[in-house]
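A.B. asks: One structure, pasted below without further comment.
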Amino acid sequence: MATSTLQANENNDLFLPDGRNLTILTGAAACEQDIKHKTLMRTTEDIYNVANGVDWLGTVFTPQQNYGAARQSLANAIVSCPDVVSINSLTITIEENDFNFVAEIMTIYGPLTVRK
């Protein structure tokens, strides 16, 4: 199933690229944006599917951090995207309380790298 979605800007907000119209992304660009949005969404934020997203509040932003669980939750969010075939690698870094990742993903469009 090919993903198509409305284009968002660098702040993940809908915008009008030409000042008048929304843009529909398809293919690899839509897949990449979909993955970024799913990995930024926290669990329960989606009122239509409260299991959607990453359990940031339960795994990272707690007194007892569980980075293994955060990694698994992040991986689950990535593979839930319809055009994702597999995750080749998922590297997590935590610097000065900033949680970042680099995911090498195989999609139906070919390899894709997503970073946060």
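All of the numbers you see were taken from the coordinates with simple rules; none came from a lab. Computed from a predicted model, the values in this text were never measured in an experiment. Heads up, the Cβs are rebuilt from the backbone with ideal geometry, glycines too, and the neighbour counts pull from every protein chain shown.
A.B. asks: Using the Cα centre of segment 4-115 as the reference point, and only Cβ charges (+1 on K/R, -1 on D/E), how large is the resulting charge dipole? Debye, rounded to the nearest 20.
C.D. replies: 200
A.B. asks: What do you get for the angle between helix 67-79 and the principal long axis of the chain? Use alpha-carbon atoms, 0 to 90 degrees, nearest ten.
C.D. replies: The angle comes out at about 20 degrees.
A.B. asks: Let me ask something else about it. Please list 3J(HN,Hα) in residue order for segment 55-62, calculated via the Karplus relation 6.51 cos²θ - 1.76 cosθ + 1.60 where θ = phi - 60°; whole Hz, with x for glycine and proline.
C.D. replies: 7, 4, 5, x, 10, 9, 8, 9
A.B. asks: Ranked by Cβ crowding within 10 angstrom, fewest neighbours first, how are S86, S4, S73 ordered?
C.D. replies: Listing S86, S4, S73 from fewest to most nearby Cβ atoms yields S86, S4, S73.
A.B. asks: Okay, helix-only estimate at 222 nm for the chain: each DSSP H run of n ≥ 4 adds -39500 (n - 2.57), divide by all residues, round to 500 deg cm²/dmol; what do you get?
C.D. replies: -8000 deg cm²/dmol
A.B. asks: To make sure I understand, if each residue's beta carbon is the centre and we count other beta carbons within 10 Å, what order do C31, C81 fall in, fewest to most?
C.D. replies: C81, C31
A.B. asks: Collect residues whose amide H, placed 1.01 Å from N in the peptide plane, falls under 5 Å from the amide H of T107; neighbours closer than 5 in sequence don't count.
C.D. replies: When sequence neighbours closer than 5 places are left aside, the close amide H contacts are V85, L112.
A.B. asks: Next question, about the same structure. Under 20 °C and 1.002 mPa s, how fast does the chain diffuse according to Stokes-Einstein, given a Kirkwood radius computed over C-alpha pairs? Answer in µm²/s, whole number.
C.D. replies: Answer from the Stokes-Einstein relation: 143 µm²/s.
A.B. asks: Summing +1 for each Lys or Arg and -1 for each Asp or Glu, what net charge is found among the other residues whose Cβ lies under 11 Å from the Cβ of C81?
C.D. replies: Summing Lys/Arg as +1 and Asp/Glu as -1 gives -1.
A.B. asks: Continuing with the same structure: Relative contact order for the chain using alpha-carbon pairs under 8 Å, separation at least 6, rounded to a whole percent?
C.D. replies: 19
A.B. asks: Using the Karplus curve 6.51 cos²θ - 1.76 cosθ + 1.60 with θ = phi - 60°, what ³J(HN,Hα) values do you get for each residue of segment 25-40, in whole Hz, with x for Gly and Pro?
C.D. replies: With the stated coefficients, segment 25-40 comes to 8, 9, x, 4, 5, 5, 4, 4, 5, 4, 5, 4, 5, 5, 7, 8 Hz.
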